[in-house]
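The values are calculated or read from the model by the stated rules, or taken from the named source; none is laboratory data. All values derive from a computational prediction rather than experimental measurement. A quick note on method: Cβ atoms are made from the backbone with ideal geometry, for glycine too, and the neighbour counts reach across all protein chains shown.
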Amino acid sequence: MKTVILLGTAHRVQGAERGICNIEDPDYETLVAQLCREYAVDFIFEEASGLGPTIVEKFALANIGLRRYKDIDPSAADRKKLGVPAETGKDYRIGKLNFDTNHWGFAREELIDAHETREHFWLPFIREQRFIKALVICGQAHLLSFGFRLKSDGFNVKAYSYMPYALLARPA
């Protein structure tokens with residue numbers, strides 16, 4: 001049985017070269033290397049949306065080998081062609097903006113159907129690839145739903161969540 005180590009995190013730590021608001025996080029890089037070593041990972045999949053190369057893509061090339069990495073998420077430009085929704089959520093304001101106190105409270109409404117469509121798109125890439133143990137990196141919003149989907153598809157799944165809240169709270 002193929003094993004998938006699923007890592008849900010904030011996209012800002014992935015270090016995508018064409019991404020926005022990236023943050024430097026040495027713990028993320030250490031975590032990826034540690035999981036790959038501990039589980040003897042022989043392939044890495046990543047939700048990178050065509051914005052790479054990412055930290056993990058470079059890591060895979062240097063440590064796992066050629067053609068042992070796959071960005072499983074279509075770029076924003078490719079989503080429309082594939083029928084994949086471009087937006088997966090929207091800001092939800094908390095209370096009223098207060099310029100005197102700099103209150104800018106926002107939550108995020110996650111669009112379940114949009115996320116589900118993207119996960120359906122990812123699964124065939126993972127299914128088709130030859131590996132024994134793969135690391136799959138995705139946004140935190142996908143951690144459990146995609147873990148359940150992989151498990152019901154016959155994969156052995158281990159799920160890890162990594163959210164560096166202190167780093168994410170710093171101004172961009």
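Gly139 meets all of the listed conditions (1) out of contact with any His (no Cβ under 6 Å at 6 or more places or on another chain); (2) modelled with pLDDT of 90 or more but one, namely (1). Being within 21 Å of Arg127 (Cα to Cα) and modelled with pLDDT of 90 or more holds for only one residue in Ala33, Ala16, Ala40, Ala62, and it is Ala40. Given the structure, is Phe146 at pLDDT 90 or above, over 26 Å from Asn22 (Cβ atoms) and surrounded by 11 or more Cβ atoms within 10 Å (Cβ to Cβ)? Judged against the criteria, Phe146 is not a match. Taking (1) surrounded by 15 or more Cβ atoms within 10 Å (Cβ to Cβ); (2) without any contact (Cβ under 8 Å) to a residue 12 or more places away in the chain in turn, Leu7 satisfies each apart from (2). Tallying residues that are touching a helix residue (DSSP H, G or I) at 6+ places or on another chain (Cβ under 7 Å) and closer than 26 Å to Gly154 by Cβ within region 8-35 yields 3.
Yes/no matrix, rows are residues, columns are (1) under 14 Å from the mean Cα position of the chain (by Cα); (2) over 24 Å from Tyr28 (Cβ atoms):
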position	(1), (2)
Phe99	no, yes
Glu109	no, yes
Ile112	no, yes
His115	yes, no
His120	no, yes
Leu123	yes, yes
Arg127	no, yes
Cys138	yes, no
Ala141	yes, no
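For Arg18, state whether it is in a loop (DSSP other than H, G, I, E, B), of a type in the set (Lys, Arg) and in contact with a Leu (Cβ under 8 Å, 6 or more places away or on another chain). So Arg18 passes the test.
Highlighted here are the strands (runs of 3 or more DSSP E) found entirely within region 103-172 that include at least 3 residues which are under 12 Å from Leu7 (Cα atoms): 133-139, 156-162. Among the residues making up region 34-77, those that are surrounded by fewer than 18 Cβ atoms within 10 Å (Cβ to Cβ), among the small types (Gly, Ala, Ser) and either within 16 Å of Cys138 (Cβ to Cβ) or within 16 Å of the chain's Cα centre (by Cα) (or both) are Gly50, Ser75, Ala76.
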